[in-house]
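Working notes for the structure below.
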Amino acid sequence: MTLILYNMAKIKHNNFLETVNEVFTDAKEEGVLHLYADENELPGRTIIIKGKRLFHFGTTGYLGLEQDPRLKEAAVSAIRQYGTQFPLSKSYISHPLYKELESCVTEMYQTPIIITKNSTLGHLGVIPSAVDDQDAIILDHQVHWSVQSAARVLKTRSVPIEMIRHNQIDMLEDKIKSLSPKRRKIWYMADGIYSMYGDYAPIKELMELANKYPQLHLYFDDVHGMSWIGKNGTGYVLSEIEEVTDQMLLFGTLSKTFGASGAVLACSDKKMYKKIKTFGGPLTFSAQLEPASVAAATASAKIHLSPEIYKFQKELKQRTQYFNELLTQTNLPLIDNNNSPVFYIGTGMPKTGYNFVNRLMKEGFFVNLGIFPAVPVKNTGVRITISRHNELEEIKEMVDAMVYHFPKSLEDTFTNLDRVYHAFKIKPLEKTMLSNSDLNVQLENTIQKIDKNLWNNLLGKKGVFDWEGLKFLEDVFSENTNEEHNWEFRYLIIRDKNLKPILATFFTLALWKDDMLSKPNVSVQIEKERLTNPYYLTSKVVSMGSLFTEGEHIYLDRSHDLAELGLNVLMQTLENLEQNLEAKMVVLRDFDIEDRLNQFFHGQGFIKIQMPDSCLVMLKEKQSIEDHINELSTRNRRHYRKEIQALEPDFDIKFLKNPEAHFIPQIKRLYNNVHQNNLGLNTFSFPDKLFAKMCSHPNWEFITISLKDNPKKLIGVMLCYNNLDEVYSPAFVGLDYKYVKSHHIYRQLLYQTIKRAINLKFKRIDFGMTAAFEKRKLGAVVNEKFAYIQASDNYSIELMGVMENQR
């Protein structure tokens, strides 16, 4: 990212929905998402998909109440008596059946309740009503999407929304301490039972924290804990504590394992209950539950109020315990060992998950794929749910099928169990590589161990990372005082047995700001904290390329028969580096929009994000600067004459190889002006010695601009790299903002760069990323660029700005 550029540059923040669409599209094409059941009835125990009857291990109806004859008969009777719906808002009048349902559910919870259409609409209605403008919200980063989505509505009211890593009480307490002096209430929002791994929120510890900090209020979504545990089946949260307190809002469900439809909010605070009940947004204006749903829910509530619910809970517990016992006899990677009916077998990479799900379906078992954004992409896996529908015999058969097919899925997708364990942090990754006698793998920690001609033939002529450029970077980013200025370099070359190169690239390990790609307003707030804590929200990142370079950082012979195997060795190399260097994230960049590696990277657990546009000028042989200007559009030629040509006589323009000593502090100051003004791409500054090293290096030169009446004062500078006498790379710019608008010095620098490259007979100018609008005016071709990110959890990806449009 040679990207410390003009403040008018606009960073394209990745669209979360586009990312999800790409991930889901891959899964759909693999035949594991967006399926249809084929049969005319749904007995619960089995399901027909693509003409094949499968045992159903994907339901969230854990107690099987959706097939209970009492619920079915109640629903049918209600339709006959009251019709299919009661089309009127509950603010005017409730359906006649509502009164009995509300009475039964209140008896279950022993506290006031509100019935909602579903939990998603319930959260959208309750959270904006319960949370005042003077409050703050802290989200567990794995809390259900419906809660996160409802909370984000409050950003328009300037309610701060923070996020913590999953179930990290210490991090939560630090956030509470930080927010408490400035906010009235602090809401922590979490699930009771998390829907993918089946793990629990630490309810008792959270209640202790609420007692310690009266400002803390707890908001639980316990829909996956409903019915199968707790008194009257009121869920996991209430199985851990005695009652709903005034510092708590608790959501349960009337669908899923409850067997009907709708959701329920339990609220003991009478004032808040009245506020939400009176006007709760969608609760006020949305349609109410259909008569059939209300009647079925009432029938289920009566079961919950009877001893029969404990019989059902016991029957389910027998099945989940049996499944757990079978799993302990295998080496299947069960991610969380608990007594919930939700189990998660990790596969690590999405493509391994696709393969495993398809294999199980062919064996006669339907399971769910756990995939981004429900889980981090590299934590893809298979979610298995146990219900009362499942018999012990088919549970045993499914475990046997998993034991047989799991290693075959690993083999099919060029991975192993150790890599899966590493992805979920179950145990360290063994320092092994995919063995193949047909490949020769060279991994070095300095460019000086790589043949210079070989490297330049493969990756030279692409930017500031030819052999000499990388030797320069190694020198600059070593033996510095600050941690962020010391990078580690790794160089990978993969050859076939005849030593023909298949793949080559380089990586750096560096300290990145977690908000690097976030929107500027996010970085502004974080930078305030960094005034006293400079490494706040920073992480070690293994990146293809570096924060200094831009361009195509990988050589790949796509026509080679071993290209795919080479890519898999690349992936395992990155995993080893991630662990050995203790990095939290891996970033691959910069790729074109149509790159065929897109599906491969998705399958390996990376998500695609859009980078700033890349700009390029191709120069023709024997072309003059006048020829280049004449090829611009009429409008752009007019801009050139008015804003560049007319002002050029006012400037003292120099092309310096070894600038005088008094210029170096000025160059640094101008560069820092731009760096500090560009929070759209928020990176650490570079070490002070960079500029002195540039001045003494034969491949670097400076295009400087001064006013003729004050030639010793620089007002603009372009720092340019000569790549093998073919590519001219204006890597960085420095500006005195006092002259940007009045003298158009940025545009003048762009023009002088083109003029210089033509005079030196270069074939191409790599103008780098950002400020594409300005560069296009002077004939640059703009290309969309993308990066691929893999992190250990979605928390890191959120901070990088990948999901910023949804936060």
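The values are calculated or read from the model by the stated rules, or taken from the named source; none is laboratory data. The structure displayed is predicted, hence computed values, not measured ones. Every residue, glycine as well, gets a Cβ built from its backbone with ideal geometry; the counts of neighbours run over all protein chains shown. Note: accessible area is taken over every heavy atom of the protein model, side chains too, but ligands, DNA and RNA are not part of it. Shrake-Rupley method; radii C 1.70, N 1.55, O 1.52, S 1.80 Å.
Things worth noting here:
- N678 being within 28 Å of S539 (Cβ to Cβ) and among the polar types (S, T, N, Q): yes
- The residues of the range 558-580 that are farther than 14 Å from L492 by Cα and either among the aliphatic types (A, V, I, L, M) or open to solvent by less than 30 Å² (accessible area, probe 1.4 Å) (or both), listed by number, are L562, A563, L565, E578.
- Listed by first and then second residue, the pairs with beta-carbon distance under 6 Å, at least 6 apart or on different chains, first residue in the range 170-191 and within 21 Å of W145 (Cα to Cα) and of a type in the set (D, E), second at pLDDT 95 or above and crowded, with 18+ Cβ neighbours inside 10 Å, are D191/D221.
- N498 vs. criteria touching a Pro at 6+ places or on another chain (Cβ under 9 Å) and without any contact (Cβ under 8 Å) to a residue 24 or more places away in the chain: no
- Residues that are at pLDDT 95 or above, of a type in the set (A, V, I, L, M, F, W, C) and open to solvent by 20 Å² or more (accessible area, probe 1.4 Å) within the range 76-96 comprise V76, I79, listed in sequence order.
- The numbered conditions (1) under 21 Å from I303 (Cα atoms); (2) within 42 Å of the chain's Cα centre (by Cα) are all true for S146 except (1).
- Residue match in the range 443-463 (condition: hydroxyl-bearing (S, T, Y) and either within 25 Å of R764 (Cα to Cα) or touching a residue at least 24 places away in the same chain (Cβ under 8 Å) (or both)): yes
- Taking the criterion of being open to solvent by 10 Å² or more (accessible area, probe 1.4 Å), in contact (Cβ under 8 Å) with a residue 60 or more places away in the chain and over 34 Å from the mean Cα position of the chain (by Cα), the residues of the range 373-396 that qualify are R388, H389, E391, L392, K396.
- Across the range 251-274, the number of residues qualifying as open to solvent by 10 Å² or more (accessible area, probe 1.4 Å) and aromatic (F, W, Y) comes to 1.
- Against the list (1) part of a loop (DSSP other than H, G, I, E, B); (2) touching a residue at least 24 places away in the same chain (Cβ under 8 Å); (3) over 29 Å from I371 (Cα atoms), the condition Y197 fails is (3).
- Scanning the range 658-678 for residues that are open to solvent by less than 70 Å² (accessible area, probe 1.4 Å) and in a helix (DSSP H, G or I) returns F663, I664, Q666, I667, K668, L670, Y671, N672, N673, V674, H675.
- Within the range 266-292, considering residues that are in contact with a Gly (Cβ under 6 Å, 6 or more places away or on another chain) and either of a type in the set (S, T, N, Q) or outside any helix (DSSP H, G or I) (or both), the one modelled with the highest pLDDT: L289
- Across the range 1-40, the qualifying residues are those that are at pLDDT 85 or above and in a loop (DSSP other than H, G, I, E, B), and the one among them that is farthest from T549 (Cα to Cα) is D38.
- Complete set of residues in the range 145-196 that are in contact with a Ser or Thr (Cβ under 8 Å, 6 or more places away or on another chain), of a type outside the set (V, I, T) and either open to solvent by 30 Å² or more (accessible area, probe 1.4 Å) or at pLDDT 95 or above (or both): S149
- Screening K608 with (1) of a type outside the set (A, V, I, L, M); (2) in contact (Cβ under 8 Å) with a residue 60 or more places away in the chain; (3) assigned to a loop (DSSP other than H, G, I, E, B) gives one miss only, at (3).
- Single residue of the range 422-474 satisfying the filter (at pLDDT below 90 and assigned to a helix (DSSP H, G or I)) that is surrounded by the fewest Cβ atoms within 10 Å (Cβ to Cβ): H422
- Of the residues making up the range 531-550, those that are open to solvent by 10 Å² or more (accessible area, probe 1.4 Å) and over 23 Å from the mean Cα position of the chain (by Cα) are L531, T532, N533, P534.
- Every residue from the range 698-741 that is in contact with a helix residue (DSSP H, G or I) (Cβ under 8 Å, 6 or more places away or on another chain), open to solvent by 60 Å² or more (accessible area, probe 1.4 Å) and modelled with pLDDT under 90: L724
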